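Quick notes on the structure that follows.
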Amino acid sequence: MKNEEVELINFKNVLKSVENLESPSRADIAKYLGISRTTSSQNINKLIDLQLVKESENNLIGRGRPGISLIVDKERWLALGVCFEDNMLFFSVVNLAGEIKEKKRVDLNSTNFNTFFQELCSNLRYFLNKFEKDLLPAIGIGSPGVIEPKTGAIIKAVDLGWYNIPLKKMLEDEFKLPVYINNRYRTMGLAEARQGLGKNYDNFIYLGVGNGFGTAIFLEGKLVLTTNIHTGGIGHIVVEPDGPYCRCGKKGCLFTVASLSVFEENTIKLLEEKHKKSILDNCKKVDMKTIMDAANKGDELARKSVIKVANPLCTVIGDLINIINPQRIIIGGPMGIYGDFYCDYISKKIANYYNTTEISIVQTQTDFFGGAVGAAYQVLDNKLELVLNKIE
Ligand SMILES: [Zn+2]
């Protein structure tokens, strides 16, 4: 390993210690990392010059030895993240603690890729200009579809009809900045891991349910990213061997019986059949959100429809528990965000079925902006290199 690489690793570890230890002094960091006080001090001084770390105003007096406590300078630098979900672009500008400083939602009138790309670029340009001096020079993206981890290309986003789009390269060419990209449900999971319901769990799964299914699997505190594009693609696990054909060629995939569009179709069919009075009878637009709202309020027909799509998902969650044994599963994506009854039903069914109290199944508390915050975390994870680049 080259000297500069070793230096950078040391430098990163010192920054991490400031983040992880509670207001440590230079001496605490030296002790924690097993490095000399001189190395610790030199690195801290460089981090202070880069405005990533600052000396705390409440200076601690260590046991018998004065030590100035250090904290992350969380407001100096900002990171930009974007997430695309359900015809909407969500932009978040966050500080180093991942707290949102500015956000914006842009509604698109089409899911045509060119429309998406134009709106994405014009809004990115707005944020890059507005926060020019303070932004870490990079862009974080939560994209639909299966993303090739090395190239950052969208291999396929079937529900949108997008195939083989080199999104990362296109954005890097356009803005001359590094672009970090992941599937949107993975960036939502990242936000849960850093500041949400996954924060205190090393092994957990974020399960995004919408028109497709996506997962962010965290093992030993790390998001599992393999080059196998099917990792975490639970939508094509067969749950009904004699079920309807799926566009992947198999029969009875989870996608064909439990996705958002199937949920809407099932409900409309139930409403057309003879049924007891339902809140949805007078509803102008029967869509996922209105059905979930009705189910949350106790509507019998809506609940029947929720249970029909929740049951096959429970089967797959059972498989995930058998294979991965996570400490927690967070149900998110549009169906999770709006589906209070849906998540509660799944949680109770799994608890009964698996007779387990060790695995908690919970409803996400992160909305779509969370996907943009998670996208920005991809930038924050590289803050040291980015600040070094920016001030060079
Ligand atoms: Zn399939």
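Against the list (1) open to solvent by less than 60 Å² (accessible area, probe 1.4 Å); (2) within 16 Å of the ligand (Cβ to nearest atom), the condition Ser278 fails is (2).
Restricting the stretch 154-166 to residues that are more than 18 Å from the chain's Cα centre (by Cα), farther than 17 Å from Phe255 by Cβ and touching a residue at least 12 places away in the same chain (Cβ under 8 Å) leaves a set whose member that is surrounded by the fewest Cβ atoms within 10 Å (Cβ to Cβ) is Pro166. Of the numbered criteria (1) away from the ligand (no atom under 14 Å from the Cβ); (2) part of a loop (DSSP other than H, G, I, E, B); (3) at pLDDT below 95; (4) open to solvent by less than 50 Å² (accessible area, probe 1.4 Å), the one Ile217 fails is (2).
For the stretch 163-177, enumerate the residues that are of a type in the set (Phe, Trp, Tyr) and assigned to a helix (DSSP H, G or I). Even if it seems obvious, please write down each step before you answer.
So in the stretch 163-177, the residues of a type in the set (Phe, Trp, Tyr) come out as 163, 175.
Of everything in the stretch 163-177, just one residue is of a type in the set (Phe, Trp, Tyr) and assigned to a helix (DSSP H, G or I), namely Phe175.
I want to confirm something. Restricting to the stretch 245-257 and keeping residues that are part of a loop (DSSP other than H, G, I, E, B) and either among the hydrophobic types (A, V, I, L, M, F, W, C) or more than 10 Å from the ligand (Cβ to nearest atom) (or both), which single residue is surrounded by the most Cβ atoms within 10 Å (Cβ to Cβ)?
Taking the stretch 245-257 as the starting set, the residues that turn out to be part of a loop (DSSP other than H, G, I, E, B) are 246-250, 252.
Subset that is either among the hydrophobic types (A, V, I, L, M, F, W, C) or more than 10 Å from the ligand (Cβ to nearest atom) (or both): 246, 248.
Values: Cys246: 17, Cys248: 13.
Step by step, filter the stretch 245-257, then rank; the result is Cys246.
Residues that are surrounded by 24 or more Cβ atoms within 10 Å (Cβ to Cβ) and of a type in the set (Val, Ile, Thr) within the stretch 167-213 comprise Ile181, Thr187, Ile205, Val209, listed in sequence order. Taking the stated definitions as given, is Ile141 in contact (Cβ under 8 Å) with a residue 24 or more places away in the chain and β-branched (Val, Ile, Thr)? So Ile141 fits the description; yes. Looking at Lys284, Lys277, Lys269, Lys304, just one residue is part of a helix (DSSP H, G or I), free of Cβ contacts under 8 Å to residues at least 12 places away in the same chain and in the same structural domain as Leu219 (by TED's automatic domain parsing), and that residue is Lys269.
The single condition among (1) among the hydroxyl-bearing types (Ser, Thr, Tyr); (2) surrounded by fewer than 19 Cβ atoms within 10 Å (Cβ to Cβ); (3) touching a residue at least 24 places away in the same chain (Cβ under 8 Å) that Ser122 does not satisfy is (3). The single residue among Leu260, Leu271 that is within 16 Å of the ligand (Cβ to nearest atom) and open to solvent by less than 70 Å² (accessible area, probe 1.4 Å) turns out to be Leu260. On the basis of being touching a Ser or Thr at 6+ places or on another chain (Cβ under 6 Å) and in a helix (DSSP H, G or I), does Gly318 make the cut? The answer is no for Gly318. When Ile205, Ile237 are checked against the criterion of being closer than 29 Å to Glu19 by Cβ and either within 14 Å of the ligand (Cβ to nearest atom) or within 24 Å of the chain's Cα centre (by Cα) (or both), a single residue qualifies: Ile205.
Candidates are the residues of the stretch 330-378 that are free of Cβ contacts under 8 Å to residues at least 24 places away in the same chain and assigned to a helix (DSSP H, G or I); the one that is surrounded by the most Cβ atoms within 10 Å (Cβ to Cβ) is Cys343. Please verify whether Leu190 is at negative phi, part of a helix (DSSP H, G or I), touching a strand residue (DSSP E or B) at 6+ places or on another chain (Cβ under 6 Å) and not polar (S, T, N, Q), treating the condition exactly as stated. Here the answer is no, as Leu190 does not meet what is asked.
In this structure, Phe117 does not qualify as surrounded by 19 or more Cβ atoms within 10 Å (Cβ to Cβ), not small (Gly, Ala, Ser) and not in a strand (DSSP E or B).
The values are calculated or read from the model by the stated rules, or taken from the named source; none is laboratory data. These numbers were taken from a predicted model, which means no experiment stands behind them. Because the Cβ atoms are built from the backbone with ideal geometry, glycine has one as well, and the counts that use them run over all protein chains shown. Heavy atoms of the whole protein, side chains included, go into the accessibility calculation; ligands, DNA and RNA do not. Shrake-Rupley method; radii C 1.70, N 1.55, O 1.52, S 1.80 Å.
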